[in-house]
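Enquirer: One structure coming up, written as structure tokens, with questions to follow.
The values are calculated or read from the model by the stated rules, or taken from the named source; none is laboratory data. Everything quoted here is computed from the prediction, not taken from an experiment. Note that we place each Cβ from the backbone using ideal geometry, even for glycine, and neighbour counts take in every protein chain shown.
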Amino acid sequence: MKIENIKACVFDAYGTLFDVNSAAAKCKKKLGNRWESFANAWRTTQLEYTWLRSLMKKHKNFWEITEDSLDHTMETFKIKKEMRNELLDLYKKLSLYPEVEECLKALKAKNIKIAILSNGTPDLLKGLVESNNIQNYFDDIFSIDNNTNYTYRKDNCPKG
């Protein structure tokens, strides 16, 4: 099926562009053969905490929920507390899914505007995009947190 007249594509960040299991995957040796179960439980807990807070109307930003869900999952899996900071640092630099960059290139080649809309904090989103060196593909990055966005248009980039 050929799709025509598309002017813009908006992506979610976590689980769509960025592999949420890649932080734990980079710690396979330390986490052992349960690393994938641990990663899946962390993500599931993160989503559940997000949904519950939304239903309760008790907002916490995505990073705080990520920390809380990691703490719970580490306790459940009896992971040493010394790994907490390492896992959180790796979460700030999640890997792209393998097909993402090729997809973004193809969209840009068709002059389609590309953006991210996410519940991640602006700083987290900016860091993920820059750590994966894909900032040149995006026209805008929108966060629900404080209704802020980053625009990567060349005419809006700070000098220096």
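Enquirer: Considering only residues of the stretch 7-19 that are surrounded by fewer than 21 Cβ atoms within 10 Å (Cβ to Cβ) and of a type in the set (A, V, I, L, M), which is nearest to the chain's Cα centre (by Cα)?
Expert: Among those that are surrounded by fewer than 21 Cβ atoms within 10 Å (Cβ to Cβ) and of a type in the set (A, V, I, L, M), it is V10.
Enquirer: Same structure again: If we keep just the residues of the stretch 53-101 that are polar (S, T, N, Q) and either closer than 23 Å to G127 by Cβ or assigned by TED's automatic domain parsing to the domain that holds P122 (or both), which is surrounded by the fewest Cβ atoms within 10 Å (Cβ to Cβ)?
Expert: Of everything passing the filter in the stretch 53-101, N85 is surrounded by the fewest Cβ atoms within 10 Å (Cβ to Cβ).
Enquirer: List the number of the failed condition for G15; all other conditions in (1) in contact with a helix residue (DSSP H, G or I) (Cβ under 6 Å, 6 or more places away or on another chain); (2) within 21 Å of V100 (Cβ to Cβ) hold.
Expert: Checking G15 against (1) in contact with a helix residue (DSSP H, G or I) (Cβ under 6 Å, 6 or more places away or on another chain); (2) within 21 Å of V100 (Cβ to Cβ), the one that fails is (1).
Enquirer: Being modelled with pLDDT of 95 or more, within 14 Å of C9 (Cα to Cα) and touching a helix residue (DSSP H, G or I) at 6+ places or on another chain (Cβ under 9 Å) narrows it down to one residue among I114, I79; which is it?
Expert: I114
Enquirer: Follow-up. Quick one: in the stretch 118-159, of everything that is β-branched (V, I, T) and in contact with a Leu (Cβ under 8 Å, 6 or more places away or on another chain), which residue is modelled with the lowest pLDDT? Lay out the reasoning, then the answer.
Expert: At the first step, the residues of the stretch 118-159 found to be β-branched (V, I, T) are 121, 129, 134, 141, 144, 148, 151.
Narrowing further to those that are in contact with a Leu (Cβ under 8 Å, 6 or more places away or on another chain): 134, 141, 144.
Details: I134: 97, I141: 95, I144: 87.
Out of the qualifying residues, it is I144.
Enquirer: Another one. Working only within the stretch 39-86, note down all residues that are charged (D, E, K, R), closer than 24 Å to S143 by Cα and not in a helix (DSSP H, G or I).
Expert: Scanning the stretch 39-86 gives K57, K58, K60.
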